[in-house]
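Okay, structure first, notes after.
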Ligand code: IMP
């Protein structure tokens with residue numbers, strides 16, 4: 001299950017619904033930059049790194065080596081669940097290959113974000129995600145979860161801290177940086193290591209065994225494909241492969257095991273942070289979507305930029321992620337609008353373009369070419385079947401599906417599990433497998 005926009009597509013709800021039909025749910029990239037809100041049994045859970053499958057006791061949740069893990073925030077997430085009676089001791093597993101976020105990564109995120117070569121800040125979530133992935137690729141300053149249990153941990157931390165203290169003092173400027181105390185970091189991380197020990201495993205071996213023995217595994221993408229570090233709107237992206245392409249590298253599971261890919265989109269568009277967003281509506285329409293859709297970040301509470309559905313972008317990411325069918329979320333947010341627009345092409349320097357530009361400067365110049373559809377102007381949050389939606393709502397879904405090039409299989413009209421509709425038939429033949437158990 002992959003988000004096809006810039007994240008926040010309400011993927012948590014879909015994962016939660018589909019979890020019933022799976023034995024294992026996997027989070028394989030990103031970190032605590034992502035946030036999932038799941039509403040179940042009248043209770044709202046806000047999860048960040050732990051898969052929302054944790055709310056089902058019979059599902060094994062796996063956090064693989066492709067993620068970056070901030071131990072205190074991960075432990076706080078565990079504690080929050082335990083305090084509400086959610087079982088986490090047996091059904092949560094974290095890869096010893098996961099890279100760890102340290103206090104210096106948070107400082108680096110703060111110091112580096114304004115210094116993007118292209119001028120505009122990325123507007124990161126300030127969770128140290130980019131700096132930790134940078135160290136992962138750089139190797140010399142990286143520390144993985146498995147390293148916490150090795151005898152040379154003290155040496156490792158001392159070496160890294162000595163290097164980071166030099167770097168950060170230079171970056172911050174004279175007098176603006178308090179050197180990091182290696183002994184303090186060591187003590188803290190040894191404490192985290194003890195608490196995390198019961199969860200640590202070789203998740204690659206576990207997943208390969210699980211798949212080879214026919215267990216059903218759901219891969220839960222974080223962020224959205226337009227934030228993919230290689231294929232998104234670079235450099236206004238996150239630091240991992242958040243499109244469907246990241247599943248294998250992040251989890252160690254080869255593509256041959258992927259049987260069905262669901263692309264999740266909002267019925268409109270949102271983006272948090274910097275970077276171009278051709279269909280952005282920085283006006284009353286955008287504000288209406290923000291208010292009605294409660295478009296404020298789960299993790300950072302930042303107001304999200306809002307706009308019309310961009311089918312050029314979604315078609316690109318649906319193809320890129322190998323998507324079979326779409327889940328269209330938050331359709332009810334459009335209910336009050338008299339007219340709804342879909343961007344079906346861009347105009348760049350006077351030329352009509354249907355292909356998503358590979359360079360962010362071209363995307364900045366892209367003017368959306370819109371099709372305008374009539375709204376339905378009635379509330380739909382109580383509708384329980386796609387056939388019962390107002391004709392204009394169905395027309396909007398049909399057109400969206402046509403321009404993206406994928407069938408709509410799931411439609412959501414509210415946060416509750418019940419406010420979800422499944423298409424009657426699926427050309428992929430997998431519809432039955434997707435119906436949640438009641
Ligand atoms: P980072 O992942 O914190 O480095 O942030 C990089 C970019 O990705 C920023 O524009 C963030 O706003 C965006 N981003 C990261 N995680 C999410 C998410 O879960 N939803 C939406 N945007 C995100």
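The values are calculated or read from the model by the stated rules, or taken from the named source; none is laboratory data. Predicted, not measured: the structure shown is a model, and the values here were computed from it. With ideal geometry, Cβ positions are generated from the backbone for all residues, glycine too; neighbour counts draw on all protein chains shown.
Data overview
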item	result
Residue in the range 194-213 that is farthest from residue 92 (Cα to Cα), counting only those that are assigned to a helix (DSSP H, G or I) and without any contact (Cβ under 8 Å) to a residue 60 or more places away in the chain	212
Total residues in the range 5-14, condition within 14 Å of the ligand (Cβ to nearest atom) and outside any loop (DSSP other than H, G, I, E, B)	2
Residue count for the range 52-69, restricted to those that are in a loop (DSSP other than H, G, I, E, B) and either crowded, with 24+ Cβ neighbours inside 10 Å or in contact (Cβ under 8 Å) with a residue 60 or more places away in the chain (or both)	3
Breaking point among (1) more than 21 Å from residue 17 (Cα to Cα); (2) in contact with a helix residue (DSSP H, G or I) (Cβ under 7 Å, 6 or more places away or on another chain); (3) more than 16 Å from the ligand (Cβ to nearest atom), for residue 328	(1)
Counted residues, the range 120-170 - those being surrounded by 14 or more Cβ atoms within 10 Å (Cβ to Cβ) and under 18 Å from residue 98 (Cα atoms)	23
Hey, residue 207 away from the ligand (no atom under 14 Å from the Cβ), within 24 Å of residue 14 (Cα to Cα) and surrounded by fewer than 18 Cβ atoms within 10 Å (Cβ to Cβ) or not	no
Candidates 293, 350, 286, 307 - the one that is in contact (Cβ under 8 Å) with a residue 24 or more places away in the chain and either farther than 15 Å from residue 233 by Cβ or out of contact with any helix residue (DSSP H, G or I) (no Cβ under 7 Å at 6 or more places or on another chain) (or both)	293
Qualifying residue in the range 332-341 (condition: within 23 Å of residue 228 (Cα to Cα), touching a helix residue (DSSP H, G or I) at 6+ places or on another chain (Cβ under 8 Å) and surrounded by 22 or more Cβ atoms within 10 Å (Cβ to Cβ))	no
Residues of the range 354-366 satisfying the condition of being crowded, with 16+ Cβ neighbours inside 10 Å and not in a helix (DSSP H, G or I)	356, 357, 366
Selection status of residue 343, under 18 Å from the mean Cα position of the chain (by Cα) and in a strand (DSSP E or B)	no
The range 376-406: number of residues that are out of contact with any helix residue (DSSP H, G or I) (no Cβ under 6 Å at 6 or more places or on another chain) and either under 14 Å from residue 330 (Cβ atoms) or outside any helix (DSSP H, G or I) (or both)	13
Residue among 54, 129, 101, 94 that is at pLDDT 95 or above and within 21 Å of residue 37 (Cβ to Cβ)	129
Residue in the range 135-144 that is modelled with pLDDT of 95 or more, touching a helix residue (DSSP H, G or I) at 6+ places or on another chain (Cβ under 8 Å), closer than 20 Å to residue 32 by Cβ and within 16 Å of the ligand (Cβ to nearest atom) present	yes
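Conditions (1) free of Cβ contacts under 8 Å to residues at least 60 places away in the same chain; (2) within 16 Å of the ligand (Cβ to nearest atom); (3) within 10 Å of the chain's Cα centre (by Cα), marked per residue:
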| residue | (1), (2), (3) |
| --- | --- |
| 3 | no, yes, yes |
| 16 | no, no, no |
| 19 | no, no, no |
| 31 | no, yes, yes |
| 50 | yes, yes, no |
